[in-house]
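Encoded as structure tokens, the structure appears first; notes follow it.
The values are calculated or read from the model by the stated rules, or taken from the named source; none is laboratory data. Please read these numbers as outputs of a predicted model, since none were measured by experiment. When we count neighbours, we look across all protein chains shown, and the Cβ atoms used for this are built from the backbone with ideal geometry, even at glycine.
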Amino acid sequence: MNGIRAFVRAIRGPIMLITLGSLFALDHFGDYSFSRTFPVLLIMFGLMKLAEHLAGSAGQETTGGGGL
């Protein structure tokens, strides 16, 4: 497995937890409720999946098999 892809997969959980905690803090201390900001979690998840996909495709180009 590609090292960059593994790194992105490893940090996906902590980034999602930080985002969730930030949204709850914004709900508690700010003017925005969680029901209005939860789509940020979906956006972050999508960005992390996109980064994982891009890291995987970049790794496939560099390992190239050059099969005939």
Next item on the list: Please find, within the stretch 1-42, the residue that is surrounded by the most Cβ atoms within 10 Å (Cβ to Cβ) out of those that are of a type in the set (D, E, K, R) and touching a residue at least 12 places away in the same chain (Cβ under 8 Å).
Entry: 5
Note to self: Between a residue in the stretch 43-68 that is closer than 23 Å to residue 18 by Cα and any residue that is at pLDDT 70 or above and assigned to a loop (DSSP other than H, G, I, E, B), which pairs come within a Cβ distance under 9 Å, given they are 6 or more apart or on different chains?
What the structure shows: 55/2
Check: Limited to the stretch 18-57, what total is found for residues that are among the charged types (D, E, K, R) and within 22 Å of residue 7 (Cα to Cα)?
Finding: 2
